[in-house]
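Before any comments, here is the structure.
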Amino acid sequence: MPSKVRIALDAMGGDVGAAVVIPGAAISLHRHREIEFLLVGDRAKIEPELEKHPALKAASKIIHTDVAVAMHDKPSQALRRGRKTSSMWLAIDAVKKGEADVVISAGNTGALMAMSRFHLRTLLGIDRPAIAGVWPTKRGESVVLDLGAAIGGDAHHLVSLAVMGAAMASVLFDKPRPTVGLLNIGTEEIKGHEEIREAGDRLRAVNLPELDYLGFVEGDGIGKGLADVIVTEGFSGNIALKAAEGTARQMAELLRNEMQRSWLSKLGYLLARSAFKALRDKMDPNKSNGGVFLGLNGIVVKSHGGISSEGFAYAIDVGYEMAHYDLLNKINQMLNREGGALSSVQTAQEAVS
């Protein structure tokens with residue numbers, strides 16, 4: 001584990017930029033004193049915010065640029081206009097050069113993925129990177145991937161997601177052998193697309209030391225926390241994420257409206273206020289902020305664009321954990337050591353074919 005974790009922040013990313021990024025960094029630094037920050041962006045906007053946080057100022061270095069990737073830019077436009085000059089690119093470049101251990105941005109997701117993949121490249125054995133997020137569940141938290149980086153995928157891609165997700169879960173949850181499930185339309189082995197069934201066959205065919213494969217998990221199993229890691233391709237994963245976020249907002253609004261309908265409802269709220277607070281804290285989107293781009297030669301974390309400073313601090317915390325516990329090396333070892341996870345699965349599949 002490195003004694004210092006160096007984090008490059010895209011200080012111009014997101015809906016607000018430095019006004020959220022800098023206070024968020026100050027909050028995270030209070031929790032992790034061994035962080036050093038590279039703040040990439042317009043010095044004229046960063047420095048006034050830094051003056052409010054002396055401890056952060058002492059632990060930070062500014063890399064100046066006044067070029068920012070717009071939230072509406074297409075990935076191809078961002079690569080053309082922002083390559084080598086934008087705050088997003090220069091933050092990624094710090095990881096590429098070994099000047100930072102992780103990059104965090106609240107900017108344009110498509111642009112961040114395109115730039116990261118173009119500049120950092122993918123790990124050996126990985127065809128396409130994935131976005132992995134932490135999902136609150138009834139029994140705690142689960143890692144869910146892919147949340148929208150790549151649409152579709154064959155069995156090899158799904159197995160690689162399972163291996164990378166297990167590595168991330170082992171870091172976050174301190175579990176040497178996390179449980180893994182494949183998201184499917186049913187738990188029976190005959191259900192689902194061919195690639196999902198084939199991925200299940202491959203994972204069942206070999207007893208990987210890095211993960212404990214449980215089988216198929218239906219959509220409601222995510223919230224139940226049936227597995228530490230839920231694997232799906234990006235199309236289904238993104239729909240599941242947006243549906244869950246929308247349902248949570250809908251339930252919160254319905255509950256709020258019901259609590260205001262009568263004096264009896266308001267009295268009931270007052271009596272159950274502590275329970276509602278506990279529920280609100282558990283479902284707080286700030287605490288689930290920070291999607292990790294897995295499969296790259298570097299650690300990249302994507303924050304929501306419209307998040308608060310407290311929420312951005314949680315994304316920094318995720319990046320810190322990934323770097324502090326050497327996620328990249330862990331994934332590399334699992335994927336590519338002699339007889340590694342993907343090779344073992346492929347060999348076992350050939351044996352049973």
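Yes or no, residue by residue, for (1) outside any helix (DSSP H, G or I); (2) surrounded by fewer than 21 Cβ atoms within 10 Å (Cβ to Cβ); (3) β-branched (Val, Ile, Thr); (4) in contact with a Lys or Arg (Cβ under 8 Å, 6 or more places away or on another chain):
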{"position": "Gly24", "(1), (2), (3), (4)": "no, no, no, no"}
{"position": "Ser28", "(1), (2), (3), (4)": "no, no, no, no"}
{"position": "Leu39", "(1), (2), (3), (4)": "yes, no, no, yes"}
{"position": "Ala44", "(1), (2), (3), (4)": "no, yes, no, no"}
{"position": "Ile62", "(1), (2), (3), (4)": "yes, yes, yes, yes"}
{"position": "Gln77", "(1), (2), (3), (4)": "no, yes, no, no"}
{"position": "Gly125", "(1), (2), (3), (4)": "yes, yes, no, no"}
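Criterion first (charged (D, E, K, R) and assigned to a helix (DSSP H, G or I)) does Lys191 satisfy it? Criteria not met by Lys191. Give region 91-142 a look and list any residue that's of a type in the set (D, E, K, R) and within 28 Å of Leu39 (Cβ to Cβ), or say none. Correct list: Asp93, Lys96, Lys97, Glu99, Asp101, Arg117, Arg121.
Among the residues of region 194-213, just one is part of a strand (DSSP E or B) and in contact with a Leu (Cβ under 7 Å, 6 or more places away or on another chain), namely Tyr213.
Taking the criterion of being modelled with pLDDT of 90 or more and either open to solvent by less than 60 Å² (accessible area, probe 1.4 Å) or touching a strand residue (DSSP E or B) at 6+ places or on another chain (Cβ under 7 Å) (or both), the residues of region 79-98 that qualify are Thr85, Ser86, Ser87, Met88, Trp89, Leu90, Ala91, Ile92, Asp93, Ala94, Val95, Gly98. The one condition from (1) closer than 21 Å to Ile316 by Cα; (2) open to solvent by less than 20 Å² (accessible area, probe 1.4 Å); (3) of a type in the set (Val, Ile, Thr) that Val134 does not meet is (2). Scanning region 170-185 turns up at least one residue that is modelled with pLDDT of 90 or more, open to solvent by 10 Å² or more (accessible area, probe 1.4 Å), hydrophobic (A, V, I, L, M, F, W, C) and part of a loop (DSSP other than H, G, I, E, B).
Within region 216-232, if we keep just the residues that are within 15 Å of the chain's Cα centre (by Cα) and assigned to a loop (DSSP other than H, G, I, E, B), the residue that is farthest from Gly110 (Cα to Cα) turns out to be Asp228. Within region 47-60, the residues that satisfy the criterion of being open to solvent by 70 Å² or more (accessible area, probe 1.4 Å) and among the charged types (D, E, K, R) are Glu47, Glu51, Lys52, Lys57. Could you please find all residues in region 324-337 being in a helix (DSSP H, G or I) and more than 13 Å from the chain's Cα centre (by Cα)? The answer is His324, Leu328, Asn329, Lys330, Ile331, Asn332, Gln333, Met334, Leu335, Asn336.
Each residue in region 127-169 was checked for being among the hydroxyl-bearing types (Ser, Thr, Tyr) and in a strand (DSSP E or B), and 2 of them qualify.
Of Gly153, Gly181, Gly192, Gly165, all but one fail to be farther than 22 Å from Gly291 by Cα and small (Gly, Ala, Ser); the exception is Gly192.
The values are calculated or read from the model by the stated rules, or taken from the named source; none is laboratory data. From a predicted model like this one, the values you see are computed outputs, not experimental measurements. No Cβ is skipped: glycine too gets one built from the backbone with ideal geometry, and neighbour counts run over all protein chains shown. When the accessible area is computed, the model is the full protein with side chains, heavy atoms only, and any ligands, DNA or RNA have been set aside. Shrake-Rupley method; radii C 1.70, N 1.55, O 1.52, S 1.80 Å.
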